[in-house]
Amino acid sequence: MSQKNKSRPAPWEAGLPLGGVDSHAHLDMPGAFAESVPETLERARKAGLARVGNVFLGPKAYADNVRLFDGQPDVFFLLGIHPGDAAKAVPGDLAAMEQAFRADARLAAIGEIGLDFYWDAAPRDVQAQLFADQLALAKELGKPVAVHCRDAYDETMAILADAGYRDRPLLWHCFGGDETQAREILSHGWTISIPGPVTYAKNAALRQAAAAIDLTRLLLETDCPYLAPEPYRGKRNEPAYLVFTALAVAALKNLDPAVVWRTTGDNARRFFGV
């Protein structure tokens, strides 16, 4: 093992209390965690995480993979059709989602849904229609939503306005914008989730935004297996590494890390109703 690897601190060395929440993880992603979910969650608990939100990318992923979380009551679920998959969605998908939500109390939110113009994996009008349809379903079910927005900020805000989402329970997942965007999102009554890149020293805009966001409106997430924070940048991310995101946010806000950890965890439990 290299000296560099030896120097990386384990997340539980931070000594954070049990109570943190990873609001957005992809533990069922093929080839990433499917064979080690119990071990991954045990490391998360050791690091101080009380709950993890697993995001199923579509009703088929939910039907195929929900069994991975049998006997794991610390995990709650999000389910939504990602904008990158919009072109592959079929007419029965929304009905399957509705049926799943009505049958499974662990399904806490519709997400991640939205627009992704960075990859442009689906026609933009198809993404927009699917986004609007899922927002309507969330309203019908009385569920919060987790929004994915990449290179489509103005268009996302326009669809949310058309759907009447001001002051409705909405989480801006994996926020990567600046302070101006953060303040606009908060002005609509929404909540923001901060990912691992807030630990990157050169990500000045996100770090400034995180420092400015009221702690009562802030959640933390890994978006694992992506976006590992320092000092694990470039490695496969996992819920335990949320500790390093919390430490960075606490430093930016000049707060005790345990306060950030407990408060963002409480915010997540309240937002998702878990």
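A few notes on this one:
- Taken over the range 132-155, the criterion of being free of Cβ contacts under 8 Å to residues at least 12 places away in the same chain and farther than 24 Å from residue 100 by Cβ is satisfied by 154 alone.
- Only residues that are out of contact with any Pro (no Cβ under 9 Å at 6 or more places or on another chain) and either surrounded by 14 or more Cβ atoms within 10 Å (Cβ to Cβ) or part of a helix (DSSP H, G or I) (or both) were counted in the range 79-94, giving 7.
- Matching residues, the range 39-49, being in contact (Cβ under 8 Å) with a residue 60 or more places away in the chain and farther than 25 Å from residue 273 by Cβ: 43, 46
- The range 97-121 - residue that is at pLDDT 95 or above and more than 17 Å from residue 60 (Cα to Cα) and, of those, surrounded by the fewest Cβ atoms within 10 Å (Cβ to Cβ): 105
- When the residues of the range 68-78 are filtered to those that are not charged (D, E, K, R) and not in a strand (DSSP E or B), the one that is surrounded by the most Cβ atoms within 10 Å (Cβ to Cβ) is 69.
- The range 7-23, subset assigned to a helix (DSSP H, G or I) and in contact (Cβ under 8 Å) with a residue 24 or more places away in the chain, residue farthest from residue 77 (Cα to Cα): 14
- Meets criteria (part of a helix (DSSP H, G or I) and either within 14 Å of residue 140 (Cβ to Cβ) or not hydrophobic (A, V, I, L, M, F, W, C) (or both)) for residue 98: yes
- Counting only strands (runs of 3 or more DSSP E) wholly contained in the range 155-261, the ones carrying 1 or more residues that are farther than 30 Å from residue 36 by Cα and touching a His at 6+ places or on another chain (Cβ under 9 Å) occupy 170-172.
- Of all residue pairs spaced 6 or more apart or on separate chains, those with beta-carbon atoms under 8 Å, a first member in the range 27-38 that is touching a residue at least 12 places away in the same chain (Cβ under 8 Å) and a second member that is surrounded by 21 or more Cβ atoms within 10 Å (Cβ to Cβ) and among the acidic types (Asp, Glu) are 33/238; 34/28; 37/28.
- Exactly one residue among 197, 231 is without any contact (Cβ under 8 Å) to a residue 40 or more places away in the chain, closer than 25 Å to residue 12 by Cβ and in contact with a Pro (Cβ under 9 Å, 6 or more places away or on another chain), and that residue is 197.
- Criterion violated by residue 158 - all others in (1) out of contact with any strand residue (DSSP E or B) (no Cβ under 8 Å at 6 or more places or on another chain); (2) of a type outside the set (Ser, Thr, Tyr); (3) without any contact (Cβ under 8 Å) to a residue 24 or more places away in the chain; (4) farther than 12 Å from residue 114 by Cα satisfied: (4)
- Restricting attention to the range 186-219, the residues that are of a type in the set (S, T, N, Q) and either modelled with pLDDT under 95 or under 18 Å from the mean Cα position of the chain (by Cα) (or both) total 4.
- Looking at 65, 54, just one residue is surrounded by 15 or more Cβ atoms within 10 Å (Cβ to Cβ), of a type in the set (S, T, N, Q), part of a strand (DSSP E or B) and touching a strand residue (DSSP E or B) at 6+ places or on another chain (Cβ under 8 Å), and that residue is 54.
- Of the residues making up the range 50-101, just one is free of Cβ contacts under 8 Å to residues at least 12 places away in the same chain and among the β-branched types (Val, Ile, Thr), namely 90.
- Within the range 146-186, being buried (at least 24 other Cβ atoms within 10 Å of the Cβ) and of a type in the set (Phe, Trp, Tyr) holds for 172, 175.
The values are calculated or read from the model by the stated rules, or taken from the named source; none is laboratory data. Just so we're clear, the structure is a prediction, and the values are computed from it rather than from any experiment. Reconstructed Cβ throughout: ideal geometry from the backbone, glycine too, with neighbour counts over all protein chains shown.
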